[in-house]
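Since the structure comes first, as structure tokens, the remarks are kept for the end.
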Amino acid sequence: MPRKPRRGCAYPGCLMYAEEGSSYCLEHKKAEAKRYETYSRDPSVRRKYGRAWKRIRDSYVREHPFCEQCFERGILVPVDEVHHKVPISKGGTHERSNLMSLCRSCHNKIHLEMGDRQIRD
């Protein structure tokens, strides 16, 4: 099956091709991530999802290496994301009883049902 043609880097004035699955080339991908963290992302997010969250997430993924919703249907799909059943913004915590390991597809479905994400065309 043929692949999609590669797109150009979205960074203004860059003539390189973007990496697969990204909008930026290798050089500008890191710069854009830093710009996003500094200027676009809400500063309170950094306090909620810091180094401690990464350790909690990694240990939870070691214990639950497959998507919990797919596993219930008998499908083994590796974990992409760890979901908070009660969101941090609504008073949830990082306790294990509030966590759920999910694949990206199941995670997006949950957030679409909650109404905090939209489908992109």
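Tabulated data for the structure shown
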read-out: Selection within region 78-110 - among the hydrophobic types (A, V, I, L, M, F, W, C) and open to solvent by 40 Å² or more (accessible area, probe 1.4 Å); value: 86
read-out: Close pairs from region 64-77: first closer than 12 Å to residue 106 by Cα, partner of a type in the set (Phe, Trp, Tyr) and open to solvent by 60 Å² or more (accessible area, probe 1.4 Å), Cβ under 7 Å, at least 6 apart; value: 77/66
read-out: Residues that are among the aromatic types (Phe, Trp, Tyr), at pLDDT below 85 and more than 22 Å from residue 81 (Cα to Cα), drawn from region 1-56; value: 39
read-out: Qualifying position, being polar (S, T, N, Q), closer than 22 Å to residue 52 by Cα and either touching an Asp or Glu at 6+ places or on another chain (Cβ under 9 Å) or at pLDDT below 90 (or both), among 97, 89; value: 89
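The values are calculated or read from the model by the stated rules, or taken from the named source; none is laboratory data. Because the structure is predicted, anything quoted here is derived from the model rather than measured. Cβ atoms come from the backbone with ideal geometry, glycine included; neighbour counts cover every protein chain shown. Accessible surface is based on the protein model in full, side chains and every heavy atom, while ligands, DNA and RNA are left aside. Shrake-Rupley method; radii C 1.70, N 1.55, O 1.52, S 1.80 Å.
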